[in-house]
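Undergrad: Here it is, the structure, as structure tokens.
Every read-out reported here was derived from the displayed coordinates using simple, explicitly stated rules and does not represent laboratory data. Quick caveat, the model's predicted, so the values are computed rather than measured. Note: ideal-geometry Cβ built from the backbone for every residue, glycine included; neighbour counts use all protein chains shown.
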Amino acid sequence: MIDLRSDTLTRPTPGMLAAMAAAPVGDDVYAEDPTVNALEARVAALLGHEAGLFCATGSLANLLGVWLLVPPGAEVVCDVRAHIARAEMGAHGALHGVTMRTWDSRDGVADAATIERLITPDAGPYLVSTAAVALENTHNFGGGTVQPFAHLAEVSALCRDAGVGLHLDGARLWNAHVATGVALADYGRLFDTVNVCFSKGLGAPVGSMLVSSRQNIARARVQRKRLGAGWRQAGVLAAAAGYALDHHLPRLGEDHVAAAAFATEVAAAAPEAVRLGAVTTNIVVMDTGRQTAAEVVAAASRAGVALSAVGARQVRGVTHQEVSIDEATTAGRLVGAVLAGVPAA
Ligand SMILES: *Cc1c(COP(=O)(O)O)cnc(C)c1O
């Protein structure tokens, strides 16, 4: 089985496990884990921020990032397919009293004019006040889409002028950085709060980082503990993340080549299913046409490729370090045949 369901499936390599075993550790609730402290400082600096908070999941880092910017009863606005809106189990509302409104987009690409029309800062007693905007880069359900830097800069200026916070869900910001060559800090500095994940294409077993100002991170540290998510010798996990930055960040481009190879084969058999121009990182979202997503997932599985359904008629394939370019090409041929409704040759 060629497993393209997600880049979260990646397992720690022997080198990563060795780094984890060798890590000096301490109690992180006392801020005494040297490996966690070093990773927090390293990633904050990489992203052009003062401080970082190592978290168990990207959902937790997003939850805390949005909480820093949005008081109860106010709203964060985001894309209709944003992970914070679709895939975090309503946590922002259920736990923090945050409401959401969404804009629609092509492939998840954010544009400032749409956002400007939607936001209502300081709306007084009649409308919900917009306290923050949240963007995603790359955009997962949009198809691994890289946000054009000029758009991000415009949204950042808009939010600053309007007095509205700006959060980045950068679960795969690494992929955007590799695809564009834009420095991580140039992305990071446009935002008040940023989440990045080590557990996706970087291949660490666990972990995400929230970065922001020193004052914000001190507040987030308290709220993390309040949520029951303080942890102790987390350095074993921070060591995996640090190892991933050293050894796996430089190879992410291979995943992009593999995704392009996969999509090219799909498009050759089923041109309606995928727009090649939209495939720029490690995610390929495909339209299933007359078949349902569930039917395509089942047929692809019988053919030897695991995909995930991301909508009623949309499926997703994600490349990662456990899938070679050859395997991705083979998978594309098999999935293309499924989408075209013909048996694979
Ligand atoms: C995976 C992901 C997250 C965080 O997911 P966790 O499973 O909670 O670590 C956040 N945003 C996006 C876009 C993601 O793909």
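Undergrad: Return the Rg/Rh ratio of segment 251-340 with Cα-based radii and a Kirkwood Rh.
TA: On the Cα set of segment 251-340, Rg over Rh gives 0.93.
Undergrad: Moving to a separate point now. Mind listing the phi-derived Karplus ³J(HN,Hα) values for segment 80-90, rounded to whole Hz, using 6.51, -1.76 and 1.60 with θ = phi - 60°, and x for any glycine or proline?
TA: 4, 9, 4, 4, 5, 8, 9, 10, 10, 6, x
Undergrad: Moving on. Rounded to the nearest 5, what % of the DSSP beta bridges within the chain are antiparallel ones?
TA: 50
Undergrad: Treat the count of other C-beta atoms within 10 Å as a stand-in for reagent exposure and order K225, K200 from fewest to most.
TA: With the fewest neighbours first, K225, K200 line up as K225, K200.
Undergrad: What is the sum of charges, Lys and Arg at +1 and Asp and Glu at -1, for the other residues whose Cβ falls under 14 Å from the Cβ of A269?
TA: -2
Undergrad: For a quick check: with amide H placed at 1.01 Å from N, whose amide H comes under 5 Å from D79's, ignoring anything fewer than 5 positions away on the same chain?
TA: When sequence neighbours closer than 5 places are left aside, the close amide H contacts are W103.
Undergrad: Among 175-187, 111-123, how do they line up by average Cβ neighbours within 10 Å per residue, starting with the highest?
TA: Ranking the peptides 175-187, 111-123 by packing returns 175-187, 111-123.
Undergrad: When the Cα centres of segment 129-176 and segment 288-339 are compared, how far apart do they sit, in Å?
TA: Value for the Cα centre distance between the two parts: 29 Å.
Undergrad: If you don't mind, there's one more thing I want to ask. Can you tell me, using C-alpha contacts under 8 Å and at least 6 residues apart, the relative contact order of the chain as a whole percent?
TA: Relative contact order for the chain comes out at 24 percent.
Undergrad: What net charge is computed for the residues neighbouring L68, neighbours being all others with C-beta under 10 Å from the C-beta of L68, Lys and Arg scored +1, Asp and Glu -1?
TA: Working: positive: R219; negative: D192.
After counting each charged neighbour, the total is 0.
Undergrad: Placing +1 on the Cβ of each Lys and Arg and -1 on the Cβ of each Asp and Glu in the chain, which of A306, G317, A269 has its Cα farthest towards the positive end of the resulting dipole?
TA: Of the listed residues, the answer is A306.
Undergrad: From the backbone phi of segment 182-197, what are the Karplus-calculated ³J(HN,Hα) couplings (6.51 cos²θ - 1.76 cosθ + 1.60, θ = phi - 60°) in whole Hz, Gly and Pro given as x?
TA: Calculated HN-Hα couplings, in order: 5, 4, 4, 5, 5, 5, x, 5, 6, 10, 7, 9, 9, 10, 10, 10 Hz.
Undergrad: Tell me the mean residue ellipticity at 222 nm calculated for the chain from its helices only (DSSP H runs of n ≥ 4, each -39500 (n - 2.57), averaged over every residue, nearest 500).
TA: Result for the chain: -13000 deg cm²/dmol, rounded to the nearest 500.
Undergrad: Please list, ordered by chain and number, the residues whose modelled amide H lies under 5 Å from the amide H of V305; skip anything fewer than 5 residues away on the same chain.
TA: For V305, whose amide H was placed from the backbone, the distant partners under 5 Å are I2.
Undergrad: Can I ask one more? Just want the answer: with Cβ charges of +1 for Lys and Arg and -1 for Asp and Glu, which residue in G203, A153, A132 is farthest toward the dipole's positive end in segment 10-247?
TA: G203
Undergrad: Highest mean first, what order results for 97-106, 128-137, 27-36 on Cβ atoms within 10 Å?
TA: 128-137, 27-36, 97-106
Undergrad: In segment 38-167, what % of DSSP beta bridges are antiparallel (nearest 5)? Please report the intermediate quantities before stating the final value.
TA: Values: 1 of 12 bridges.
Here the antiparallel bridges make up roughly 10 percent for segment 38-167.
Undergrad: Sort 205-212, 279-286, 294-301 for me by packing, meaning the mean count of neighbouring Cβ atoms within 10 Å per residue, highest on top.
TA: Sorting 205-212, 279-286, 294-301 by mean packing, highest first, produces 279-286, 205-212, 294-301.
Undergrad: When the dipole is taken about the Cα centre of the chain, and only Lys, Arg (+1) and Asp, Glu (-1) are charged at their Cβ, what size is it in debye, to the nearest 20?
TA: For this selection, approximately 500 debye.
Undergrad: Among W67, W231, what is the fewest-to-most ranking by other Cβ atoms within 10 Å?
TA: With the sparsest Cβ surroundings first, the list reads W231, W67.
Undergrad: Determine the relative contact order of segment 251-340: mean sequence separation of Cα pairs under 8 Å and six or more apart, normalised by residue count, in whole percent.
TA: Rounded, it is 40 percent for segment 251-340.
Undergrad: Could you put R290, R232 in order, starting from the residue whose Cβ has the fewest other Cβ atoms within 10 Å?
TA: Fewest to most other Cβ atoms nearby, the residues stand as R290, R232.
Undergrad: Summing Lys, Arg as +1 and Asp, Glu as -1, what charge do residues with Cβ under 15 Å from the Cβ of A85 carry, A85 excluded?
TA: -3
Undergrad: Classify the chain as rounded, prolate or oblate, taking a ≥ b ≥ c as the square roots of the eigenvalues of its Cα gyration tensor: rounded when a/c is under 1.5, otherwise prolate if a/b is larger than b/c and oblate if not.
TA: oblate
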